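All remarks here apply to the structure that follows.
The values are calculated or read from the model by the stated rules, or taken from the named source; none is laboratory data. Treat the numbers as computed from the prediction; the structure is a model and nothing was measured. Cβ atoms come from the backbone with ideal geometry, glycine included; neighbour counts cover every protein chain shown.
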Amino acid sequence: MSGKRYRVVLVEDHALTRAGLRTALSADHGIDVVGEAGDGPAGLAEIERKTPDVAVIDIGLPGIDGIELTRRVRADVPHTRVVILTMHDLDGEIMAALAAGADAYCVKASAPEGVVMAVRIVAEGGAYFDPRIAHVVLRELGSTRARTAPPRASPLTPRELEILKLVAEGVGNQEIAERLHLGLGTVKGHVRDILQKMSANDRTQAAVRALRQGLI
């Protein structure tokens, strides 16, 4: 990760949850929480006023819900990246948030460190999806991509693309090795190369980037 500092606005209607997030984010020396709000309209005003690098937005906000707030943020403050928080892992809710322009999706039941990681990853241009829902994102993005977008020139070799397609389906390294009749070490080496070529921090991010670019 780079040494740059990132400015964050928190929009969360539960005061205790907001305080916990503020504590977790502030403990990261690369993150400054520069604003907070407890409902959608106040959150939009705060984000427009502070123009942060990242907005952490609860999906169930009063006034303007998190999905609509995300949509407005992307229209009015386009450089601000959005991390969505939710209590749920419902497929429809996840995809609605992503369609609105969210860059990351975190389930509140996960550790606060996941939100910190999401903030840093999206601030640096990446995408992050809680491991609990990553399979939903990959499946839906893959389905949409197959219907709507032509493939781009790929930086990956045919074998790497083959492996990345299996990664996007949620297949682990051992099963990939068995399916492709490769050694486990060989598969791990290919995965490392894929992450490097896709400038990705993890397997999910690599797969999401490939799907959004029409590579797989």
>> For the stretch 54-68, give me each residue that is in a helix (DSSP H, G or I) and either within 20 Å of Val116 (Cβ to Cβ) or modelled with pLDDT of 95 or more (or both).
In response: Gly66
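Sort through Gly30, Gly66 and tell me the only one that's in contact with an Asp or Glu (Cβ under 7 Å, 6 or more places away or on another chain) and either assigned by TED's automatic domain parsing to the domain that holds Ala206 or not aromatic (Phe, Trp, Tyr) (or both).
Sole residue among the options that is in contact with an Asp or Glu (Cβ under 7 Å, 6 or more places away or on another chain) and either assigned by TED's automatic domain parsing to the domain that holds Ala206 or not aromatic (Phe, Trp, Tyr) (or both): Gly66.
Give the residue, chosen from Thr86, Thr23, that is at pLDDT below 90 and not aliphatic (A, V, I, L, M). Steps first, please.
Numbers: Thr23 fails: at pLDDT below 90.
Every option except Thr86 fails the conditions.
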> Here are Ala42, Ala24, Ala75: which of them is under 14 Å from Lys108 (Cα atoms), assigned to a helix (DSSP H, G or I) and not assigned by TED's automatic domain parsing to the domain that holds Asp202?
Replying inline: Ala24
> Quick one: what pairs do we get from the stretch 57-75, first residue surrounded by fewer than 19 Cβ atoms within 10 Å (Cβ to Cβ), second basic (Lys, Arg) and in a helix (DSSP H, G or I), C-beta under 6 Å, 6+ apart or different chains?
Replying inline: none
>> Given the criteria at pLDDT 95 or above, among the polar types (S, T, N, Q), assigned by TED's automatic domain parsing to the domain that holds Glu93 and farther than 17 Å from Ala104 by Cα, does Thr51 qualify?
In response: yes
